[in-house]
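Shown next, in structure tokens, is the structure this report addresses.
The values are calculated or read from the model by the stated rules, or taken from the named source; none is laboratory data. Since the model is a prediction, treat every value here as computed from it, not as a measurement. We place every Cβ from the backbone using ideal geometry, glycine too, and count neighbours over all the protein chains shown.
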Amino acid sequence: MARFVYRLQKVFELRERKKKEQEKRVQAAQDRVKRIEQEIQAKRQEIRMLRQNMMTAPHVLLEMHDLFIYKLNEELDQLHRDLEMAKQQLEYEKQLLIKAQADLEALVKHKEKAYEEYLEEEKQAELKMLDEVAGQRYFRQQQEQLLEEALEEEQRELEEI
């Protein structure tokens, strides 16, 4: 019995590889979002600590604290913009992953269907071979039966003589 060979195996492997690469991209985008969120939390904590220190700082340094808080708030705003961009990128990568999964799933179904067709063809070939064997056996039995009948007929004729 011949082995099943999927004729689109290279395409199948390519789509599998694309899906795995896209999963890695999605993971990287998720990691970037988490990293930016952690940076935002750290920046907020830094601003809170600075405001607490302002309460005990001399009045001469208050203007410097205000400027530093302003700078930290600008950095925080930039981190929020980066976070939004990272979330958009993550969503885009997820959409590409969904498309890659759909493409792969379509090929998986095609492969399964091709395998089922292969099994059906093998089954038909086996049935054909069995039918041929049965036909030959039947023909042989008919020949033997005719031969026996001819021999019996001949023997009867000899007995009659």
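Looking at segment 50-66, which of the residues that are surrounded by 10 or more Cβ atoms within 10 Å (Cβ to Cβ) and among the hydrophobic types (A, V, I, L, M, F, W, C) is nearest to the chain's Cα centre (by Cα)?
Restricting to residues being surrounded by 10 or more Cβ atoms within 10 Å (Cβ to Cβ) and among the hydrophobic types (A, V, I, L, M, F, W, C), the top hit is L50.
Would you check which residues across segment 5-21 are charged (D, E, K, R) and either surrounded by 12 or more Cβ atoms within 10 Å (Cβ to Cβ) or without any contact (Cβ under 8 Å) to a residue 24 or more places away in the chain (or both) and list them? Talk me through it step by step, then tell me what you get.
At the first step, the residues of segment 5-21 found to be charged (D, E, K, R) are 7, 10, 13, 15-21.
Across segment 5-21, the qualifying residues are K10, E13, R15, E16, R17, K18, K19, K20, E21.
Conditions first: (1) touching a residue at least 60 places away in the same chain (Cβ under 8 Å); (2) of a type in the set (G, A, S); (3) over 30 Å from L104 (Cβ atoms). A57 passes all but one, so which condition is the exception?
Going through (1) touching a residue at least 60 places away in the same chain (Cβ under 8 Å); (2) of a type in the set (G, A, S); (3) over 30 Å from L104 (Cβ atoms) one by one, A57 breaks only (1).
Would you confirm, using the coordinates I've provided, whether K109 is without any contact (Cβ under 8 Å) to a residue 60 or more places away in the chain, of a type in the set (K, R), surrounded by 11 or more Cβ atoms within 10 Å (Cβ to Cβ) and under 30 Å from K18 (Cβ atoms)?
Working: without any contact (Cβ under 8 Å) to a residue 60 or more places away in the chain: yes; of a type in the set (K, R): yes; surrounded by 11 or more Cβ atoms within 10 Å (Cβ to Cβ): no; under 30 Å from K18 (Cβ atoms): yes.
So K109 does not fit the description; no.
Kindly list, by first and then second residue, each pair from a residue in segment 138-161 that is of a type outside the set (F, W, Y) to a residue that is at pLDDT below 85 and surrounded by 10 or more Cβ atoms within 10 Å (Cβ to Cβ), limited to pairs with Cβ atoms under 9 Å and residues at least 6 apart or on different chains.
Once the first residue is of a type outside the set (F, W, Y) and sits in segment 138-161, no partner that is at pLDDT below 85 and surrounded by 10 or more Cβ atoms within 10 Å (Cβ to Cβ) comes close enough.
Among E126, E116, which is the only one that is among the charged types (D, E, K, R), surrounded by 11 or more Cβ atoms within 10 Å (Cβ to Cβ) and farther than 30 Å from K24 by Cα? Give the derivation first.
On the way: E116 fails: surrounded by 11 or more Cβ atoms within 10 Å (Cβ to Cβ).
Result of the check over E126, E116: E126.
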